[in-house]
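Notes follow the structure.
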Amino acid sequence: ERMEQQMYASAFKIVTVGQGYKQQLMKRGVPEAKIQIVTNGVDRELFVSHQHDESVRAQYGRGKAFVCAYVGTIGLAAGLEVVLRAGRILKQRGRDDVRLLMVGDGATRERLERAARQQGLDNIVFTGLIDRRLVPQLLSAVDACLVHLRRKELFESVLPSKIFEAAGMQKPIILGVRGHAARLVNEAGCGICIEPENAEQLVEAIEKLAGDPDLARRLGRSGYDYVRRHFDRDQLAEQYFQIIREAIETCPIVV
């Protein structure tokens, strides 16, 4: 902690990815004027303008099913036990027209996949780890994206990059993250916010989007327009470069 404070004191500027982290730094005594925010963003070339891929949908979506995908690390922080609970509720309701797609790997994947298999939850599909370059192709084939973290205060200042990737692909978002991420999704009008780890609300959000394709399209388009205006990675990189340039021009170099 002492080294951390020394680094804060000696830095010309401190760059963080969100307002929540800025507030935490200020609570630790870092002057507000020293802190700059450069958020995560979306790679326009990678995550925009991909055509709907029927081959991917045939592999994972099972025909005309509504597909809600989680794409990312399947670890403890993500709290994806909620997906299994949602899968059970959907089975109980006879919603054979819905598939939950789990894309990625992590510390809890094997346990969750085994539990889903033991419980007969064939409406949940685990893809395992895939090449990141294929993620846009996969996202093009799904109907909605789940972004979720455990219900912990720590995560209220987090702004997951998955939000930008889903929005860049014009996909409606079901967000199970409190705090800054929820405020952004509401401001962008790009999804439905639920309480983290609440399977009933997750199912309600899925059923709402599955039952109203026009709403799903509107949310997807709104998110796309929002990230193009505010979270273009090239523009954000230029902001970061300007901060570095100012530091070089202002601070003496000690050799």
I'd like the full set of residues that are over 19 Å from residue 243 (Cβ atoms) and acidic (Asp, Glu), limited to the stretch 1-34. 1, 4
For residue 144: the one exception among (1) in contact with a helix residue (DSSP H, G or I) (Cβ under 9 Å, 6 or more places away or on another chain); (2) within 29 Å of residue 23 (Cα to Cα): (2)
Looking only at residues that are modelled with pLDDT under 85 and among the hydrophobic types (A, V, I, L, M, F, W, C) in the stretch 12-37, which one is farthest from residue 225 (Cα to Cα)? 12
What about residue 164, is it buried (at least 17 other Cβ atoms within 10 Å of the Cβ), over 18 Å from residue 230 (Cβ atoms), assigned by TED's automatic domain parsing to the domain that holds residue 109 and aromatic (Phe, Trp, Tyr)? no
Please indicate, with yes or no, whether at least one residue in the stretch 115-137 is at pLDDT 95 or above, touching a helix residue (DSSP H, G or I) at 6+ places or on another chain (Cβ under 9 Å) and assigned to a helix (DSSP H, G or I). yes
Of the conditions (1) acidic (Asp, Glu); (2) closer than 22 Å to residue 132 by Cα; (3) modelled with pLDDT under 95, residue 105 satisfies every one except a single condition; which number is it? (3)
Looking at the structure I just gave you, is residue 208 in the same structural domain as residue 74 (by TED's automatic domain parsing) and under 13 Å from the mean Cα position of the chain (by Cα)? no
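The values are calculated or read from the model by the stated rules, or taken from the named source; none is laboratory data. Note that the structure is predicted; figures quoted are calculated from it, not measured. Note that we place each Cβ from the backbone using ideal geometry, even for glycine, and neighbour counts take in every protein chain shown.
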